[in-house]
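One structure is given here, and the rest of the page talks about it.
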Amino acid sequence: MRAVLQLQLFTVHHQRDPQLEIFRRNFLPLQVGCALTETDIGILRDDQHGQLSENNRNYCELTAFDEIARSAHADYIGVMHYRRIFTVPKPLTLISKDTEYLFRVLRHRLGLSNKPVERHVTIKISSPEVLETEARALNNYLLSVCERVDIITPISVKYYGITLREQYARAHPVIYYDRFLSLLSEIHPELDPFVNTIENSQSYYLFNMFIMRRTLFIRYWKILYSTLAALQQEIDLKLLDTYQERVFGFLAERFMAIFVRYICATERARLAHLPVAVCNLES
């Protein structure tokens, strides 16, 4: 008789939020930044085993990654957020977004618009009933699909008319992006071919959300954290404002595409994508 694969699907929280009770019933909520606050919202914490909780302002949800890497033992590990969760496939939504994207790309090519084009695939959840339904459907779906895949990511953001580096530079100091990629190649030379081709990919994964085999997650986190820790030695974080000090979280989003391409090319990891739902429940 085949053993049932185990999945631990975490959601990351920094305070009590309207959807917390729904997440308690369906997922494993985990509080981050616990070392920086006296508030305990009664869920798992990022300072039980993790060692980055006090750096949450810089690492964002990555402090949860450190806690999970040190404590979770299921076959598959997943991470979502208090505002964003994976949903079951939404093929009509994807077709609609792709059609809109291709139309805007055509306008760009014809010279009717010079604005860069991006495609995002998200849906909105505005009621507790819909969130509960989506959460249950996701768990049921994953029970049937996990054994056939190794990594699940959000549907990628597609962009046209702008490079990934230019896209990063629009919102953040690009010097940190450049140095992160350099360190990634230096510390993990096996990733160098995938670092060097990232600008030609025209897609990346937002949100630092994933579901993957635990063995792959441990490797992912080891590579990512070792590189970020090296970069941290070169940055004076005190010079950054309260938004830009989240630099390591921003860089991690760009790393996911590199890791996915690397692991799929070298180990033939099986990849799947799911849409993301944004939860806008009122308090």
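The values are calculated or read from the model by the stated rules, or taken from the named source; none is laboratory data. Keep in mind it's a predicted model, so treat the numbers as computed, not measured. Counting neighbours? That spans all protein chains shown, and the Cβs are built from the backbone with ideal geometry, glycine included. Keep in mind that these areas ignore ligands, DNA and RNA; they rest on the heavy atoms of the full protein, side chains included. Shrake-Rupley method; radii C 1.70, N 1.55, O 1.52, S 1.80 Å.
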What pairs from 115/238; 158/222; 124/158 go past 31 Å between their alpha carbons? 115/238
Carbon-plus-sulfur fraction of the accessible area of the stretch 200-283, 1.4 Å probe, in percent? 47 percent
Here, residue 71 and residue 36, labelled 7 Å along Cα→Cβ, have an inter-label distance in nm of 1.8 nm
Binning every alpha carbon pair distance of the stretch 1-44 at 10 Å from zero, what are the percents per bin? 26, 44, 18, 9, 2
Return the calculated 222 nm mean residue ellipticity for the chain, to the nearest 500 deg cm²/dmol, obtained by summing -39500 (n - 2.57) across DSSP H runs with n ≥ 4 and dividing by the residue count. -13500 deg cm²/dmol
For residue 24, what charge total do you get from the other residues with a beta carbon under 12 Å from its beta carbon, if Lys and Arg give +1 and Asp and Glu give -1? -1
The stretch 119-162 scanned against label point 7 Å out from residue 96 along Cα→C-beta; backbone N under 16 Å for 119-126
Once the mean 1/r over all distinct Cα pairs of the stretch 145-258 is inverted, what Kirkwood radius in angstroms do you read off? 15.0 Å
Expressed per residue, the solvent accessible area of the stretch 69-149 in Å² (1.4 Å probe) is about 58 Å²
Taking protein heavy atoms only, a 1.4 Å probe, and rounding to whole percent, the accessible area of the stretch 1-53 owed to carbon and sulfur comes out at 48 percent
Between residue 218 and residue 144, what FRET efficiency follows from the Cβ-Cβ distance if R0 is 25 Å, with the result rounded to 0.05? 0.50
What area, in nm² and to one decimal, does the C-alpha convex hull of the chain cast on average over all directions? 16.3 nm²
Report the full-extension gain for the segment residue 21 to residue 109: residue separation times 0.36 nm, less the Cα-Cα distance, to one decimal in nm. 26.9 nm
Among DSSP beta bridges lying fully in the chain, give the percent that are antiparallel, nearest 5. 40 percent
